[in-house]
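See below for the structure under consideration.
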Amino acid sequence: MMILTTLFLLATVANALVVLPDGRRAHIIKNDILLDAVGDFIVDRVEQLANEAISSKGAFSMSIGSGTTVKPLALLAGRGTVDFSKVHIFFGNERTEGEAAGKCFNSGADVFAALNLPESNVHRVPELPSAEAAIIYEKTLMEMPRQVVGICDSTNLPSLDLCLLGSGADGHCASLYPDSTQVVCSPGCSSAYLPAEGKGGITASIDMINSARNVLISAAKASQADMCRKCLGWSNAATNCKLPAGMISTSEGAVVEWVLSEESAADMPAL
């Protein structure tokens, strides 16, 4: 059931890069209580990818969620190295109903302001019943200029420059939860966005995430060690609906990178 695990032996060195047999990459970052090295790594990688995309095609598109994965992006404001007039923000998941509607947008509002992002470049999810919101938001991405949002040749789904994802100890990412309706339809789902079961909102599908050019998954908490071991060490990860984060794959050409800490990588190799 497990893939080759000897590669994880390289991860005993701080800030190691491990390339798995299936092409996914795992960065093991040395972190401590004084320095947020994991957050700094994410910021540096977003900066690099943004500048590469802007240089090559004039725009950079990124989907985000909420919480600790997004907050560090405010650090880019002080660097002055990215032209944010050419950066477009989309949402990998969002609440669209009830009091929590707009949760991800609201949690990122301070970051958007710090980066001086043009209001027209932050593409909000409509506050509508989730099934309707999913259809409309998918249409929004499909109608964007191709230099902003491409189309994946193999899936015909929107292809963002970067999907930035957090994850949980249960293996969820975005609003893709273990064995949920929005997970068991993948791989092979033809929709970019789906209603998020029991959440009153929407989520990007696994197939859309896999259609991106780059995917960055943060999993740096010690409590995530077992999840990381399974997602990165089990040979059936790409089809294991019990661990959605592990289903994010290189199958459609995405560069998939996991950002781990020494603590979350502590259970490697998967024996």
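See the values below:
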| item | result |
| --- | --- |
| Sequence-distant residues sharing a close amide H with S205 (under 5 Å, placed H) | Y193, L194 |
| Gaussian network model of the chain, springs between alpha carbon atoms under 10 Å - residue of M144, M208, M247 with greatest fluctuation | M144 |
| Set of aspartates and glutamates near K199 by C-alpha distance (under 17 Å), chain-local residues within fewer than 8 positions excluded | E94, E97, E99, E127, E132, D170, D179 |
| Antiparallel DSSP beta bridges within segment 124-271, percent to nearest 5 | 45 percent |
| Cα gyration tensor, segment 30-109 - rounded (a/c under 1.5), prolate or oblate | oblate |
| 10 Å Cβ shell holding at most 11 others, DSSP loop, trypsin sites (Lys or Arg not before Pro): longest site-free stretch of the chain | 147-271 |
| Exposed-loop-free span, longest in the chain, where GluC sites (Glu not before Pro) count as exposed if DSSP calls them loop and at most 13 other C-beta atoms lie within 10 Å | 144-271 |
| Whether segment 124-174 is rounded, prolate or oblate, judged on the alpha carbon gyration tensor where a/c under 1.5 counts as rounded | oblate |
| Cα Rg, Dmax, the chain, angstrom units | 17.5, 49 |
| Backbone HN-Hα couplings from phi across segment 106-122 [Karplus 6.51/-1.76/1.60, Hz, Gly and Pro as x] | 5, 5, x, 4, 5, 5, 4, 5, 4, 7, 6, 5, x, 4, 6, 9, 9 |
| Whole-number percent relative contact order across the chain, with pairs defined as alpha carbons under 8 Å at least 6 apart | 23 percent |
| Bridge type composition, segment 16-261 - antiparallel percent by DSSP, nearest 5 | 40 percent |
| Vicinal HN-Hα couplings computed from phi for segment 238-248 (Karplus, 6.51 cos²θ - 1.76 cosθ + 1.60; Hz; Gly/Pro x) | 5, 10, 8, 5, 7, 9, x, 4, x, 7, 6 |
| Formal net charge of residues neighbouring V82 (Cβ-Cβ distance under 12 Å; K, R +1; D, E -1) | -2 |
| Those lysines that a straight Cα-Cα span of less than 20 Å connects to K230, excepting residues fewer than 8 apart in one chain | K221, K242 |
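Any read-out appearing in this document is the output of simple, stated calculations on the displayed coordinates, not a laboratory observation. From a predicted model like this one, the values you see are computed outputs, not experimental measurements. Counting neighbours? That spans all protein chains shown, and the Cβs are built from the backbone with ideal geometry, glycine included.
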